[in-house]
Amino acid sequence: MSDRIPEETLNKILSSTDIVDVVSDYVQLKKQGRNYFGLCPFHGENTPSFSVSPDKQIFHCFGCGAGGNAFTFLMDVDGLSFIEAAQKLGSKVGEEITVNASSEKEAPPQEDEKQMMQAHELLSKFYHHLLLNTKEGQEALEYLLDRGFTTESITKFQIGWSLPSWDFTVKFLQKRGYSLDLMEAAGLLVRREKDQSFLDRFRGRIMFPITDPKGNVVAFSGRVLQSEDEPKYLNSPETKIFNKSRVLYNYHESRTLIRRKQQVILFEGFADVISASEASVDNGVATMGTSLTEGQIGLIKRVTDHVVICYDGDSAGVEAAFRAGNLLLNHHLTVRVAMIPERLDPDDYISKYGKDKFQQDVIGAGLTFMAFKLRYYKLNKNLNDEGDRLQYIEDILKEITKLGNAVERDYYLRYLAEEFDISLEALQQQLAEIKGALKGKTNPAKQVPAPKPFRPRVETKLLPAYQTAERRLIAYMLKDQNTAYKVQDWLAGMHLNVDEHQAIITYLLGYYEEGLPPGASSFIGYLPDERLRRIVTEIEMMSISDECSDQELLDYVQSVLKHQKMLKIKEKESERKEAQRQNDFRKEAQIAMEILQLRKSL
C-alpha cells in the first residue's frame, strides 16, 4: 500500500497528525471517556457508533465495521488514492510528498473532474482580479461598494467580474490547453446551435464562486448589474463536480466556526450569507436556490446539532422555513427560527437597521420551532372567527402530540388554555382524542421523538474462545515486537484458525522485519487489504491490559492449538465411523487410539 513512499515519511506524517482533528472536519465528535464518538459518515445512523481513539490514532465504526488510520479515513470519506491522502496530510504538517509518473499512473485521479475543478479555480482567481484591479471591473466594484459590500468581504468570498465578451473565456481556457467540450460539460461554456461554436456562459456579470464541502470551486452564480432582458442571476448547471443538493454555500469556509459556536445559521441565498458576514455573523450557510435537501442536512450534522433558520420574512420565506424546520427536526436537530419583520430579507434588514439589531433582534431572538409554529398556523386565519379559531387550536394540538418532552407538552397546553380561555382539562381531553385518531394512520417518518441524550453505541461481538484468543494474541503482538516473535516461536509453525488472523500476523512479522516501529496506526497503513485493516482496527479497539505475562500469552496459544486438536478429533471420528461401516475393525481400533491420544493432549 505504501511501497512508493518511504515508511519513515508516512510514520512522520502520522506522528505529526492528530486523527481527531482530521475526522472533525467531517464528523461532529463528542468526547466520552478516552475516545471521541459521532455519527458514522459511511452509513446512516441516529445513534453514534463511530469512535475515534486519540491514544491509538485510529477510528472504528461499531455499526458498519469501517476502520483505519488518518490516511484510510481520507481515502474512504473523500475517495482519494493512498498517495493523494498521504499528500493531503503531508502538506498540512509540512511534509511534501512527490511521486514519480509511474506511481501516479497506477492510481489516476478522475482526470475530467480534476480539470473541471482546475478551470473553475483558475477562472475564480481571474474574475476576482478583474473586479479589484482593472478598469473593466471598476463599474461592478463601485456597484458592490454602493450596495454595502466591503473590499474585505469581496476578498473573503472571492467575488469577481466576468467581461461582457462572447468568447473571452473560450480563448482564455483554450490558450491554457483545456478541452472546450470538457469546459462545456463543466458548465463554463455553451455551444451555439447554428455553427456549434463555443460561447462564454457568463458575460458581464458579478461572479460568486461556489465551493464544494472540500473547498474546491465547482460552480458560479453570476449577477447582472442592470438589465431587464436577462435573468438577474445565472447559475452553473449541474455537472460531474456540482450537485446543488449536496452543496451549501460557505460551508467549507465556515465549518470551523460553526463547530466552535455549535450553531449554524441557515439562509436561503448566498447574498444573505455575505451580508450576514458583514454584520459579524460568520457561521452562515445557504442552500443553492432549492429547498433544503437530505444531503445538505447530512453536511450540517457533521458539524453541529443546532440550526437557526433565517429565511426571508415574506410568506414564501415563512413557508420554506416551516418545511425546512420539519425536515431538520426529523433528523433530530435542534431548530430555532429567526423571524425578520416587515417582509424583508436578511440583506435588506441589515441595510435598513444595521448589524447590531440583526445580531440581537433577529439572530439572538430566534424562536423555538414550536413557538414559530404558533405564529405560522395563525397566518391566513381570522382568530375572531370561531371556525378559524377552533381549526387553529386543533392544528396546534396536533403539533403538541409530536413533542417528545412532557414539560414542553404541558407548557404549550397551558399557553393555549390561557390565550383562548379554555380549561386545561378540556385541552388535555382533546389532545388524547387527537392522539387516538392519529395513532395507526400517522406517517411514522413524521413523528419526532424526544431528543435522546448522547450515548455512543458500542457493540462487542461474541466470538468463540479460540477466535478471541487469536485476536488478543494479535493485540499484544501489535504492541511489542519481542512479543510477536515469542508467539511465533510458541506456535511452532502452526497457523491460526482464522485465515484473516494468520494473514495479519504474517504481514506483521514482515513489517517488523523491515525495522518498522510497533503501533496499529502505522501498521494499518502497511496492510494492502481493506478487510484486514478493518479487522486490525476492531482488534485495536479491544480493551486489554498494558502488560501481559508469558503465562497469559501461553494460555491464548494453547486455546488456539486446542481448537485445532478438536477439529482433528472430529476428523478422526468421521474416519473411525467410516472404518466401522466397512467392518475394518483393525483400522477402527487404530483410529480410536489416535483419538484417545489427542484427547489426552488437550
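The values are calculated or read from the model by the stated rules, or taken from the named source; none is laboratory data. Keep in mind that what you see is a predicted model, and the values were worked out from it rather than measured. A quick note on method: Cβ atoms are made from the backbone with ideal geometry, for glycine too, and the neighbour counts reach across all protein chains shown. Ligands, DNA and RNA are stripped out before the accessible areas are found, and what is left, the full protein with its side chains, is counted by its heavy atoms. Shrake-Rupley method; radii C 1.70, N 1.55, O 1.52, S 1.80 Å.
Please determine whether any residue of region 78-93 is closer than 30 Å to LEU527 by Cβ, among the basic types (Lys, Arg) and touching a residue at least 12 places away in the same chain (Cβ under 8 Å). The answer is yes; a qualifying residue exists.
Condition check: touching a helix residue (DSSP H, G or I) at 6+ places or on another chain (Cβ under 9 Å) and farther than 19 Å from ILE13 by Cβ. Does ALA86 satisfy that?
Judged against the criteria, ALA86 is not a match.
For (1) at pLDDT 90 or above; (2) closer than 17 Å to TYR311 by Cα; (3) hydroxyl-bearing (Ser, Thr, Tyr), each residue gets a yes or a no:
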position	(1), (2), (3)
GLY364	yes, yes, no
LEU383	no, no, no
LEU403	no, no, no
TYR412	yes, no, yes
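Scanning region 540-564 for residues that are outside any loop (DSSP other than H, G, I, E, B) and open to solvent by 60 Å² or more (accessible area, probe 1.4 Å) yields a count of 5. The sole residue among GLU184, GLU152 that is free of Cβ contacts under 8 Å to residues at least 40 places away in the same chain, part of a helix (DSSP H, G or I) and within 23 Å of HIS252 (Cα to Cα) is GLU152. Checking each residue in region 344-366 for being open to solvent by 40 Å² or more (accessible area, probe 1.4 Å) and either assigned to a helix (DSSP H, G or I) or touching a Leu at 6+ places or on another chain (Cβ under 8 Å) (or both) picks out ASP348, SER351, LYS352, TYR353, LYS355, ASP356, LYS357, GLN359, GLN360, ASP361. Within region 520-539, can one find any residue that is under 33 Å from the mean Cα position of the chain (by Cα), within 18 Å of PHE59 (Cβ to Cβ) and surrounded by fewer than 13 Cβ atoms within 10 Å (Cβ to Cβ)? Yes, the conditions are met somewhere in region 520-539. The set of residues in region 420-429 that are open to solvent by less than 70 Å² (accessible area, probe 1.4 Å) and either under 14 Å from LEU390 (Cα atoms) or not in a helix (DSSP H, G or I) (or both) comprises PHE420, ILE422, SER423, ALA426, LEU427. If only residues of region 303-320 that are in a helix (DSSP H, G or I) and open to solvent by 30 Å² or more (accessible area, probe 1.4 Å) are counted, the one that is farthest from TYR36 (Cα to Cα) is SER315. Per the listing ILE258, ILE241, ILE300, ILE265, the residue uniquely under 21 Å from the mean Cα position of the chain (by Cα) and open to solvent by 10 Å² or more (accessible area, probe 1.4 Å) is ILE241.
Put simply, of LEU182, LEU189 the only residue that is in contact with a strand residue (DSSP E or B) (Cβ under 7 Å, 6 or more places away or on another chain), among the hydrophobic types (A, V, I, L, M, F, W, C) and over 26 Å from ALA324 (Cα atoms) is LEU189.
Restricting region 504-519 to residues that are in a helix (DSSP H, G or I) and not hydroxyl-bearing (Ser, Thr, Tyr), the residue that is most open to solvent (accessible area, probe 1.4 Å) is GLU513. Do you know which residues across region 14-30 are part of a loop (DSSP other than H, G, I, E, B), among the hydrophobic types (A, V, I, L, M, F, W, C) and open to solvent by less than 20 Å² (accessible area, probe 1.4 Å)? Matches in region 14-30: VAL27 only. Among the residues making up region 223-259, those that are closer than 25 Å to ALA119 by Cα and among the small types (Gly, Ala, Ser) are SER236, SER245, SER254. Taken over region 222-240, the residue count meeting the criterion of being out of contact with any Ser or Thr (no Cβ under 6 Å at 6 or more places or on another chain) and without any contact (Cβ under 8 Å) to a residue 60 or more places away in the chain is 13.
Residue count for region 404-417 under the criterion of being open to solvent by less than 30 Å² (accessible area, probe 1.4 Å) and farther than 13 Å from GLN430 by Cα: the result is 1. When PHE59 is tested against the conditions (1) under 15 Å from the mean Cα position of the chain (by Cα); (2) open to solvent by 10 Å² or more (accessible area, probe 1.4 Å), the lone failure is (2). Are any of the residues in region 321-343 open to solvent by less than 30 Å² (accessible area, probe 1.4 Å) and either polar (S, T, N, Q) or over 18 Å from LEU266 (Cα atoms) (or both)? No: region 321-343 contains no residue that is open to solvent by less than 30 Å² (accessible area, probe 1.4 Å) and either polar (S, T, N, Q) or over 18 Å from LEU266 (Cα atoms) (or both).
What are the residues in region 368-388 that are part of a helix (DSSP H, G or I) and exposed (fewer than 15 other Cβ atoms within 10 Å of the Cβ), if any? Steps first, answer last, please.
Of region 368-388, the ones part of a helix (DSSP H, G or I) are 369-376, 386-388.
Residues satisfying the conditions are ARG375, GLU386, GLY387, ASP388.
Taken together, the residues in region 257-289 that are without any contact (Cβ under 8 Å) to a residue 60 or more places away in the chain and in a strand (DSSP E or B) amount to 5. In this structure, SER275 does satisfy being of a type in the set (Gly, Ala, Ser) and at pLDDT 90 or above.
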